[in-house]
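Reviewing the structure listed below.
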Amino acid sequence: MVQIVYATVKNLDQPIGGVIVQAAHVASLRRAGFDAKIASSYEGGLPPWVDQDAVFENSNQLAIGPGDILVLHDSLPRHTFDRVMSMPVRRVFFCQNHYFLGGTLQPHERLSDFPIDAFLCVSEPIAAHLRDAHGVADPFVIRPAIRPAIGPADEKKIQVCYMPRKRMIEFGSVMYGLRYLYPHIAGTPFVSIHNRHPNDVAAIMAESAVFLSLSRNEGLGLPPLEAMAAGCVVVGYHGGGGLDYATAANGRWYDEATPDNLVHLLAETILSLRADPNAFSGLVEAGRQTVAGYTDQAMDDALLDFWRSFL
């Protein structure tokens, strides 16, 4: 049977959204009878924070032969990319973040210049970039599944959950602004989900009324979707790829060049919720409806449609 090998990054000590999605593909394909696996030089085996139906192989020990399929990712070091281009295998490029491509390719190169047999991506913004900038005629969009949310608490805490990793400056500006411009709400709890196990993230979101989105240069951006599923009011940045789902109806999106006014938008949200916990019930419901398009079934259907036609 043909092997389908999803190459991934080597550092898997902490949860990584893109790896969670890769493992979800592998697990789904295996359940459908395909010989799929995820491969990395990581020595720790399959991480506990991905779908445990996936199979992990050490890439330094994995035998790959003609006819097998390598699924490449968008963060490959150039020397690895070049080596894979010369191997006698079929190649599928799975792009989860088009902003990373400049780290591998030179400005005069496009992905369509290379012997890649098919292209997958996770959002329409990525697909548009592949078509417009890289000459890829038909990228296939497979949106990831959002983990089923823990049911929102009966009464949400006026609490803000957030992941600050990509916008530390903006987060600092918001915290400083709350302290000195809105001292009466500066004590509002903030809970980070950075490097937390997905189960912990789900529990934090379930009890939090607000998710502060600090997305930046995203191919899609999973945390805002997870927050919508948990019934949070999403406030902040869509990060580019979030335009796959962000609308005025499902979030309080912020798209200014500087973070100066983000503190006002967040403070207004907190104050409104303090006055009326149901102040944004319509927005929260629109968020839940948005997330309905990012289910296991939808992902499985799209994934199997692609692989059955490709093989």
Legend entry - Flag for residue 75 being outside any loop (DSSP other than H, G, I, E, B), in contact (Cβ under 8 Å) with a residue 24 or more places away in the chain, out of contact with any Cys (no Cβ under 6 Å at 6 or more places or on another chain) and among the polar types (S, T, N, Q): no
Legend entry - Unmet requirement for residue 35, which otherwise passes all of (1) within 30 Å of residue 216 (Cα to Cα); (2) touching a strand residue (DSSP E or B) at 6+ places or on another chain (Cβ under 6 Å); (3) modelled with pLDDT of 95 or more: (1)
Inset, instruction - Can you work out which of the residues in the range 16-37 that are in contact (Cβ under 8 Å) with a residue 60 or more places away in the chain and not in a helix (DSSP H, G or I) is surrounded by the most Cβ atoms within 10 Å (Cβ to Cβ)? - result: 34
Inset, instruction - Determine if the range 75-86 includes at least one residue that is of a type in the set (Val, Ile, Thr), within 18 Å of the chain's Cα centre (by Cα) and more than 21 Å from residue 309 (Cβ to Cβ). - result: no
Inset, instruction - Kindly establish whether residue 295 is surrounded by 13 or more Cβ atoms within 10 Å (Cβ to Cβ) and more than 25 Å from residue 167 (Cβ to Cβ). - result: yes
Inset, instruction - From 144, 148, 183, grab the single residue that is within 30 Å of residue 257 (Cβ to Cβ), exposed (fewer than 14 other Cβ atoms within 10 Å of the Cβ) and either in the same structural domain as residue 94 (by TED's automatic domain parsing) or not β-branched (Val, Ile, Thr) (or both). - result: 183
Legend entry - Residues located in the range 123-132, provided they are among the small types (Gly, Ala, Ser) and free of Cβ contacts under 8 Å to residues at least 24 places away in the same chain: 127, 128
Inset, instruction - Starting from the range 136-152, keep only residues that are modelled with pLDDT of 95 or more, then list their pairs with residues that are surrounded by fewer than 20 Cβ atoms within 10 Å (Cβ to Cβ) and not β-branched (Val, Ile, Thr) whose Cβ atoms are within a distance under 6 Å, requiring at least 6 positions of separation or different chains. - result: 136/112; 140/306; 142/302; 145/296
Legend entry - Residue list for the range 104-130, filter: within 30 Å of residue 227 (Cα to Cα) and either at pLDDT below 95 or part of a helix (DSSP H, G or I) (or both): 124, 125, 126, 127, 128, 129, 130
Inset, instruction - Please work out if residue 224 is over 14 Å from the mean Cα position of the chain (by Cα) and modelled with pLDDT of 95 or more. - result: no
Legend entry - Close pairs (8 angstrom Cβ cut-off, 6 or more residues apart or separate chains): assigned by TED's automatic domain parsing to the domain that holds residue 136 and surrounded by fewer than 16 Cβ atoms within 10 Å (Cβ to Cβ) in the range 93-122, small (Gly, Ala, Ser) and not in a loop (DSSP other than H, G, I, E, B) anywhere: 110/133
Inset, instruction - Being part of a loop (DSSP other than H, G, I, E, B) and in contact with a strand residue (DSSP E or B) (Cβ under 8 Å, 6 or more places away or on another chain) is the filter; apply it to the range 248-289 and report the residue that is surrounded by the fewest Cβ atoms within 10 Å (Cβ to Cβ). - result: 255
Legend entry - Scope the range 290-303; condition of a type in the set (Gly, Ala, Ser) and assigned to a helix (DSSP H, G or I); matching residues: 298, 302
Legend entry - Residue in the range 51-83 that is surrounded by the most Cβ atoms within 10 Å (Cβ to Cβ), counting only those that are modelled with pLDDT under 95 and of a type in the set (Val, Ile, Thr): 64
Inset, instruction - Scan the range 164-174 for residues that are within 23 Å of the chain's Cα centre (by Cα), crowded, with 16+ Cβ neighbours inside 10 Å and either at pLDDT 95 or above or not assigned by TED's automatic domain parsing to the domain that holds residue 211 (or both) and jot them down. - result: 167, 170, 171
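The values are calculated or read from the model by the stated rules, or taken from the named source; none is laboratory data. Computed from a prediction, not measured in an experiment: that's the story for all the values here. For neighbour counting, all protein chains shown are included, and Cβ atoms are generated from backbone atoms with ideal geometry for every residue, glycine included.
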